[in-house]
Amino acid sequence: MGSEFVKINEYDFVLMNFSLPSREGIGEISNQMFIGSLSGQLLLGSFSYPQVDKNLWEPIGKEIVNSLRINF
């Protein structure tokens, strides 16, 4: 498990990466989760993929998080 602070569109977020066992019998599932507070409201999102496909999906998950556009 790992975590880091990142800035997305001027807002601070925590980006967490962790793996959990799968109930479907396909090995472990990797998870990327982002958590932030925007004007006192929680913004939470996640992206999951099979651990065996980590090299393919991890960069795509980071692109998804970095593509967030926040408008108030």
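The residues of segment 41-61 that are loosely packed, with under 14 Cβ neighbours inside 10 Å and assigned to a helix (DSSP H, G or I), listed by number, are V52, D53, N55, L56, P59, I60.
Put simply, of S22, S37, S48 the only residue that is within 23 Å of R69 (Cβ to Cβ), polar (S, T, N, Q) and more than 14 Å from the chain's Cα centre (by Cα) is S37.
Being touching a strand residue (DSSP E or B) at 6+ places or on another chain (Cβ under 7 Å), of a type in the set (F, W, Y), free of Cβ contacts under 8 Å to residues at least 40 places away in the same chain and not in a strand (DSSP E or B), is that true of even one residue in segment 21-40? Checking segment 21-40: not a single residue is touching a strand residue (DSSP E or B) at 6+ places or on another chain (Cβ under 7 Å), of a type in the set (F, W, Y), free of Cβ contacts under 8 Å to residues at least 40 places away in the same chain and not in a strand (DSSP E or B).
Of the numbered criteria (1) surrounded by 13 or more Cβ atoms within 10 Å (Cβ to Cβ); (2) in contact (Cβ under 8 Å) with a residue 60 or more places away in the chain, the one R69 fails is (1). Of the residues screened, E4 is one that is without any contact (Cβ under 8 Å) to a residue 40 or more places away in the chain, loosely packed, with under 13 Cβ neighbours inside 10 Å and outside any loop (DSSP other than H, G, I, E, B).
Being on the phi < 0 side of the Ramachandran plot, among the basic types (K, R) and part of a strand (DSSP E or B), is that true of even one residue in segment 62-69? Looking through segment 62-69, none of the residues is on the phi < 0 side of the Ramachandran plot, among the basic types (K, R) and part of a strand (DSSP E or B).
Quick note: the coordinates plus some simple rules give every number you see, no bench work behind them. Quick caveat, the model's predicted, so the values are computed rather than measured. Neighbour counts are summed over all protein chains in view; Cβ atoms, including those assigned to glycine, are modelled from backbone coordinates with ideal geometry.
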